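This report refers to the structure that appears directly beneath it.
Each value in this text was obtained by applying a stated rule to the coordinates, not by laboratory testing. Treat the numbers as computed from the prediction; the structure is a model and nothing was measured. Glycine also receives a Cβ, built like all others from the backbone with ideal geometry; neighbour counts cover every protein chain displayed.
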Amino acid sequence: MKMDRLYILTGFLWLIAGMVFGVYLGITDQLQFANSHAHANLLGFVISVLFGLIHRNWPVLMASKLALPQFALFEIGSLVLVAGKYDIDGGGGGVLAPPGSVLVVMGTLVMFWMFARATADIKLTSKGAV
Ligand code: HEM
């Protein structure tokens with residue numbers, strides 16, 4: 001599975017959705033939703049693309065059996081968390097925010113584990129793995 005491409009394409013989808021949402025918020029003056037907009041862009045776009053670039057720079061990670069579950073955990077978690085934030089911004093209880101946060105943290109921990117394990121015996125340089 002080309003995890004680098006999958007992550008970066010998913011990041012672009014988040015960015016397009018986050019930007020369109022931002023334009024909508026600006027035009028309709030609904031700035032109370034800025035927090036969910038920011039999380040869509042930062043978690044969805046910035047972190048997804050960073051994870052994609054990590055896969056790109058250390059392709060050994062793509063061979064991990066955990067790669068696809070990690071992607072699913074992180075992306076589903078981000079979606080659930082942003083939905084919870086949106087609810088909170090709109091004055092609701094944000095019942096989806098806690099489970100979304102847990103999934104996002106779990107996804108990040110799995111990525112940390114994959115990276116730490118896969119690169120343990122690789123010499124890392126500023127130019128990547130050698
Ligand atoms: C077409 C592109 C974008 C538009 C039209 C847009 C629009 C907005 C608007 C209307 C706000 C609320 C400002 C306010 O409360 O006064 C905002 C806040 C914010 N945006 Fe964007 N945005 C865009 C792209 C992005 C991107 C790409 C990122 C991050 C990667 C981002 C991160 C943030 C952050 C961190 C805030 C502050 C959130 C807060 O105060 O809680 N935005 N944006």
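Structural remarks
- Inter-label distance, residue 5 to residue 95: 4.0 nm, where each label sits 7 Å from its Cα along the C-beta direction.
- Computed about the Cα centre, the dipole magnitude for the chain is approximately 620 debye when only Lys and Arg (+1) and Asp and Glu (-1) carry charge, each at its Cβ.
- Sorting 109, 81, 103 from the fewest to the most surrounding beta carbons within 10 angstrom yields 109, 103, 81.
- Secondary-structure-derived ellipticity at 222 nm for the chain, considering helices only, amounts to -22500 deg cm²/dmol, per-run term -39500 (n - 2.57) for DSSP H runs with n ≥ 4.
- Near residue 39: Cβ cut-off under 14 Å, other residues only, Lys/Arg at +1 and Asp/Glu at -1. The net charge is -2.
- Placing dummy labels 7 Å off each Cα toward the beta-carbon, the span from residue 72 to residue 46 is 2.9 nm.
- Angle in degrees between helix 97-118 and the longest Cα principal axis of the chain, rounded to the nearest 10: 20 degrees
- Mean shadow area of segment 22-130 over all directions, Cα convex hull, nm²: 7.8 nm²
- Here segment 1-70 is described by how far its Cα atoms reach on the three principal axes: 46, 16, 15 Å, from widest to narrowest.
- DSSP-assigned coil residues among trypsin sites (Lys or Arg not before Pro) in segment 40-85, each with at most 10 further Cβ atoms within 10 Å: 65
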